[in-house]
Amino acid sequence: MPIYLMFLALVGVQIIRTSAFVSTNKFASSMEAMYSMKAVSENGQENHDLRFSSRRSFIYTNIPVITLATLFPFQSNAEMDEENAIFPTVLEVGEEESLQSAARNTESVSDETVQTIVYEENPPDESSKLVEVYFGCGSFFHVQHVFVQAERDILGRSDLELTARTGYAGGKAGSKNGKVCYRNSASISDFRSLGHAEVVSVKIPKKYYFDFATVYFQLFNRIGDREDQFVEEGEELRNLVGFPGGVTSEYFVSRLVAAAKESGERFGLSRGQGDDPDTRARAFVMDSVEFPFYIAEKYNQFHDGNDYGENYPFRYNNLADLLDKERVLGRSECPNFEPESKYDLEELNLL
């Protein structure tokens, strides 16, 4: 063979060896870094058995891979980081577990970011949130019984899940000495003197307000009179409804009006100003934030009705004791009986 051909052959072999060394060096560096990362156990300690003793032994035991590396050079971690400084993570919308898992596997995503992403992809259903509303229509004894049955029928609630409570609302004065009480001989924190009416509060998912408003309008007859319209009268028995925002709440007002129309539009709705009069065929719409609900005494919860023979089953009357025992009845600062004299009130430190 001519000398110049031998020279060219040696030069070619050297070029191939050099290319192979560079490529395999990059490949070894990348793979070594990857295996080194995997060599760290979950408790943060390094497992040296998983590391390569030397790059040379690694290269010699991976001849086929090195051959491929010669033809298709690998990039080092540094080169990859430079080209992929920002890498998108593809996440499926609406799948919280996949979303959280992908976020945790990305070091650049913090826990706060995970929470934010989950909230944006899975916004809570506002209509399913519980909201406290109240309804007034004469004596609250009968009204409470009606709404307890509505909770069972519409929401399927058990005894311990019932939220209907008798109480007071609609007065400008609010409470007196931190109390709003049922009528008593000394008129101490008497709900009537504070401008309140008897109401029943219930906590329901927002989306069921139309259903409960429909139940409310069924308490009136075809001309808009309540059952005790001409038996018991007075501002403390007036018709009123309360929810957050009052007449400014488009959500509640639209459903209240729809329920009124479905009932036959037997009477009108007016903005409640507080201390409103007892008006036939009219209900006052109150902002429950401005005119909050004050729970009544235990002895006024789950009481028999005022009409002759309106006695409810013992199981119903016993709900007050049952819920109080479970500490879910609610607490009134007033005495749990109707004081009959000034002496009784002094004994109870209400004066």
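General observations
- The value of relative contact order for the range 180-310, using C-alpha pairs under 8 Å at least six residues apart, is 28 percent.
- With R₀ fixed at 30 Å, the C-beta to C-beta distance from E290 to E126 puts the FRET efficiency at about 0.85.
- Neighbour net charge for K129 - beta-carbon separation under 12 angstrom, K R +1, D E -1: 0
- With the alpha-carbon atoms of the range 232-298 aligned to their principal axes, the span from lowest to highest coordinate is 34, 27, 25 Å, starting with the largest.
- Modelled spin-label separation between R282 and D324, with each label point placed 7 Å from Cα along the Cα-to-Cβ direction: 3.9 nm.
- Length gained on full extension, D307 to E262: 13.4 nm, using 0.36 nm per residue less the C-alpha separation.
- Packing, taken as the mean count of other beta carbons within 10 Å per residue, orders the peptides 166-172, 212-218, 235-241, 148-154 from highest to lowest as 166-172, 235-241, 212-218, 148-154.
- Each other residue within a Cβ distance under 15 Å of D211 adds +1 if Lys or Arg and -1 if Asp or Glu, for a net charge of +4.
- Dipole of the range 239-322 computed with +1 at Lys/Arg Cβ and -1 at Asp/Glu Cβ about the Cα centre; of V241, Y294, G268, farthest Cα towards the positive end is G268.
Rule-based calculations on the coordinates, nothing more; no lab input. Computed from a predicted model, the values in this text were never measured in an experiment. We place every Cβ from the backbone using ideal geometry, glycine too, and count neighbours over all the protein chains shown.
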